[in-house]
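To start, the structure itself, in structure tokens.
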Amino acid sequence: MAQGLFSLEEGVKWFSSLEEDDKKEVLHEIVRYAMQAHITTQDGREGVVKSGVKPTMTPAVLITREPIVERMGTIINLPAAENTKAFRVLISAFSVADTRRRETECRGVCSHEWHNLE
């Protein structure tokens, strides 16, 4: 999804089919990936726009505030009813951060397997 190989809607459908414990694990993984991509609150703002989540919803508000590491921790610990919105926001913000990183720091010199998918 972060590289456009699958649509956000396909990802949401897959995510929605998971058990609650598995959903939390997926959210944790996305946060780990986002941290490796050096996500910023600007990435969060752009991700909210891509996510389809209203900017006033809790995960959308949190991803745009500093310190972003703590805010992402709060997002993954929101009630289960917020999981799908959290997934949309986190994966969209990660996608922005990952794209930025691939276009700047990793362009032409990157050996990250996940940056070289086609």
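The values are calculated or read from the model by the stated rules, or taken from the named source; none is laboratory data. What you see is a predicted model, and the numbers here were worked out from it, not measured in a lab. Cβ sites come from the backbone with ideal geometry, for glycine too, and all protein chains shown count toward neighbours.
Kindly indicate whether residue 101 is surrounded by 18 or more Cβ atoms within 10 Å (Cβ to Cβ), more than 11 Å from the chain's Cα centre (by Cα) and modelled with pLDDT under 95.
Against the criterion (surrounded by 18 or more Cβ atoms within 10 Å (Cβ to Cβ), more than 11 Å from the chain's Cα centre (by Cα) and modelled with pLDDT under 95), residue 101 qualifies.
Kindly list, by first and then second residue, each pair from a residue in segment 42-63 that is among the β-branched types (Val, Ile, Thr) to a residue that is part of a loop (DSSP other than H, G, I, E, B), limited to pairs with Cβ atoms under 6 Å and residues at least 6 apart or on different chains.
Sorted first by the residue in segment 42-63, then by its partner, the pairs are 48/55.
As an exercise: evaluate residue 18 against (1) assigned to a helix (DSSP H, G or I); (2) without any contact (Cβ under 8 Å) to a residue 24 or more places away in the chain and give the number of the one condition it does not meet.
(1)
Out of everything in segment 47-92 that is more than 19 Å from residue 21 (Cα to Cα) and among the charged types (D, E, K, R), what residue ends up being nearest to the chain's Cα centre (by Cα)?
So the residue we want is 50.
Just give me the residues in segment 47-66 being surrounded by fewer than 16 Cβ atoms within 10 Å (Cβ to Cβ), assigned to a loop (DSSP other than H, G, I, E, B) and of a type in the set (Val, Ile, Thr), in sequence order.
56
Working only within segment 25-46, note down all residues that are among the β-branched types (Val, Ile, Thr), farther than 14 Å from residue 61 by Cα and assigned to a helix (DSSP H, G or I). Even if it seems obvious, please write down each step before you answer.
Within segment 25-46, the first condition is being among the β-branched types (Val, Ile, Thr), and the residues that meet it are 26, 30-31, 39-41.
Checking the rest, the ones that are also farther than 14 Å from residue 61 by Cα come to 26, 30-31, 39.
Hits for segment 25-46 are 26, 30, 31.
For segment 24-41, name all the residues that are free of Cβ contacts under 8 Å to residues at least 24 places away in the same chain, under 11 Å from residue 94 (Cβ atoms) and not basic (Lys, Arg).
Just the residues of segment 24-41 that are free of Cβ contacts under 8 Å to residues at least 24 places away in the same chain, to begin with: 25, 29, 32, 36.
Going one step further and asking which of them are under 11 Å from residue 94 (Cβ atoms), we end up with 29, 32, 36.
Scanning segment 24-41 gives 29, 36.
Going by the conditions given, is residue 2 of a type in the set (Gly, Ala, Ser), surrounded by 14 or more Cβ atoms within 10 Å (Cβ to Cβ) and part of a helix (DSSP H, G or I)?
Spelling it out, it is not the case that residue 2 is of a type in the set (Gly, Ala, Ser), surrounded by 14 or more Cβ atoms within 10 Å (Cβ to Cβ) and part of a helix (DSSP H, G or I).
In segment 67-98, which residue that is surrounded by 12 or more Cβ atoms within 10 Å (Cβ to Cβ) and among the acidic types (Asp, Glu) is modelled with the highest pLDDT?
Here the residue is 82.
Take the residues in segment 36-46 that are of a type outside the set (Val, Ile, Thr) and within 10 Å of the chain's Cα centre (by Cα), then tell me which one is surrounded by the fewest Cβ atoms within 10 Å (Cβ to Cβ). Give the derivation first.
Initially, segment 36-46 is screened for residues of a type outside the set (Val, Ile, Thr), giving 36-38, 42-46.
Narrowing further to those that are within 10 Å of the chain's Cα centre (by Cα): 43-44.
Details: 43: 25, 44: 30.
The residue in question is 43.
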